[in-house]
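The values are calculated or read from the model by the stated rules, or taken from the named source; none is laboratory data. Nothing here was measured: the structure is a model prediction, and the numbers come from that model. Note that we place each Cβ from the backbone using ideal geometry, even for glycine, and neighbour counts take in every protein chain shown. The area values use the complete protein model at the heavy-atom level, side chains included, leaving out ligands, DNA and RNA. Shrake-Rupley method; radii C 1.70, N 1.55, O 1.52, S 1.80 Å.
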Amino acid sequence: MAPVADFEQMWRDLAPVGRSASSGGYFRQPFTAAERELDAWFVEQCRARDLEVERDRFGNTVAWWRPTGATGPAVLTGSHLDSVLDGGAYDGPLGVASALAAVDLLRERGHRPARPVGVGVFVEEEGSRFGLACLGSRLATGATDWEHARTLRDRDGVALEEALADVPRGEADLLAGVGCFVELHVEQGRDLVDRDAAVGVASAIWPHGRYRFDFTGEANHAGTTRMEDRRDPMLTYAMTVLAAEEQARATGQRATFGRVDVRPNGTNAVPSAVTAWLDARAETPEHLGAMLADVERRAQDRARHDGTGLTVTAESVSGAVHFDPDLARRLASPHGWPVIPTMAGHDAGVLSARGVPTAMLFVRNPTGVSHSPDEHAGTADCLAGVVALADTLERLT
Ligand SMILES: [Zn+2]
């Protein structure tokens, strides 16, 4: 059996797994060799701690610390081990390694939990392989139904059901006895840097929408077509990007065009069509709706000017998630931790939306960058996170 590793040793063990030698980023897509190596590492660490490992049929795992006499609703912590393509080291694994280290710290303190404590790992949190973010927690909570999910395919045409065939699974309903969930996560912004705090508590997740913009025009020769004779959807698209940026800045919200498809995509052709995706996030559903309406109005005005067409389709819109305010206050106030909102989605958001009282702890990220090799957290801050999580679990159990 492997020895129990401390946080820093765990972090050294994880560092090379799925790391690209050229970019320094991580490729830990669900059910690939790198992610399975992390899964095996997790199980080994749990067994070294005498935690009882349970699986569900979707590949999610919870390791239980259930000392004799621990009864009642369990306190679940943990996060995910998968990454986006070329992601950072901290998004996900920090919450898992910190959870194991927090269990060690509580044992060192001689704390005997009165309620079971679970350390969980949810699969495919990033949606980087099957396109649906928080897939593992959605399946575990029933927010997404298996009949729909089993047919989701990755870029190579492999269905989720096929990818899961070789994955160790069980029959457990991992959330059945769970009374609350606490997820520790690296911060994906600079709020804690600005507030000079190593640790913070999440108040809410902002509403989030993904919208497809289809711009249509007329393909033509880039040399012979006079400028005034063109119906160029690229111009309408370009102006729409600027309008979204201007509107988001003016109102303190977020708007990003990060993906675009151009047809025919030729250097010497006026395009016939441009499809682009707007990722928009805002403080409230009303702010989100108002921002989209403004961007769309300005895009339509420009389309009339350009002689192009535009249709906008909402591909997914998720409402705000408000974490349990009592829990957030109880965790934050004794330590003076700031309570801050986040603009990123998490498994904690899925559990919260399904009625599980949920809290999130954030650990400061000096670059503020995430989903990139530049994502970072200093060792001292990571250790402060472990103590914060242990204090939280001690108070809740
Ligand atoms: Zn994450």
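The figures follow:
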item: Residue-normalised accessible area of region 1-73, given per residue in Å² at a 1.4 Å probe; result: 47
item: Under 20 Å from the ALA238 label point (7 Å along Cα→beta-carbon), backbone N, region 198-219; result: 213-219
item: Sites VAL387 and TRP146 - FRET efficiency at Förster radius 45 Å, r taken between beta-carbons, to 0.05; result: 0.70
item: Linear extension gain, ASP6 paired with GLU218, 0.36 nm per residue minus alpha-carbon span; result: 70.1 nm
item: Estimated [θ] at 222 nm from DSSP helical runs (n ≥ 4, -39500 (n - 2.57)) normalised by residues in the chain, nearest 500; result: -10000 deg cm²/dmol
item: Accessible area per residue, Å², region 102-202 with all protein chains present, probe 1.4 Å; result: 43
item: Computed E for TRP277/ASP166 - FRET, C-beta separation, R0 22 angstrom, nearest 0.05; result: 0.10
item: Label-to-label distance, nm, for residues given as ASP229 and ARG249 (7 Å Cα→Cβ offset); result: 3.7
item: Three semi-axes of the equivalent ellipsoid, the chain, Cα gyration tensor, whole Å, largest first; result: 42, 23, 19
item: Pair ARG107, VAL193: separation of 7 Å Cα→Cβ label points (nm); result: 3.7
item: Value of D in µm² per second that Stokes-Einstein yields for region 306-397, Kirkwood Rh from Cα pairs, at 10 °C (1.306 mPa s); result: 99
item: Kyte-Doolittle mean at least 0.5, axial Cα span of 15 Å or more - DSSP H helices of the chain; result: 93-108, 379-396
item: Loop-located trypsin sites (Lys or Arg not before Pro) in region 89-155, at most 13 other Cβ atoms within 10 Å (DSSP); result: ARG109, ARG155
item: Neighbour-limited loop hits for trypsin sites (Lys or Arg not before Pro), region 163-259 (at most 15 other Cβ within 10 Å; DSSP other than H, G, I, E, B); result: ARG169, ARG190, ARG195, ARG226
item: Accessible area in square angstrom per residue, region 347-397, 1.4 angstrom probe; result: 32
item: Gyration tensor verdict on region 264-307 (Cα atoms; rounded if a/c is under 1.5, prolate if a/b is larger than b/c, oblate otherwise); result: oblate
item: Separation of the ARG259 and SER20 label points, Cα + 7 Å toward Cβ, nm; result: 1.7
item: Gain on full stretching of the segment that runs from THR311 to ASP156 - 0.36 nm per residue minus C-alpha separation; result: 52.8 nm
item: Net charge contributed by nearby residues that have their C-beta within less than 11 Å of LEU192 (K/R +1, D/E -1); result: -2
item: Centre separation in Å (Cα based) which lies between region 285-319 and region 92-160; result: 35
item: Gap separating the Cα centres of region 350-397 and region 222-272, nearest whole Å; result: 39
item: Sulfur and carbon atoms: percent of accessible area, the chain [1.4 Å]; result: 49
item: Two-site FRET efficiency, ARG395 against ARG57, from Cβ-Cβ distance with R₀ of 45 Å, rounded to 0.05; result: 0.85
item: Gained length - THR68 relative to ARG329, 0.36 nm times residue gap less alpha-carbon distance; result: 90.9 nm
item: Within region 10-26: backbone nitrogen closer than 14 Å to the GLU44 label point (7 Å, Cα to C-beta); result: 10-18
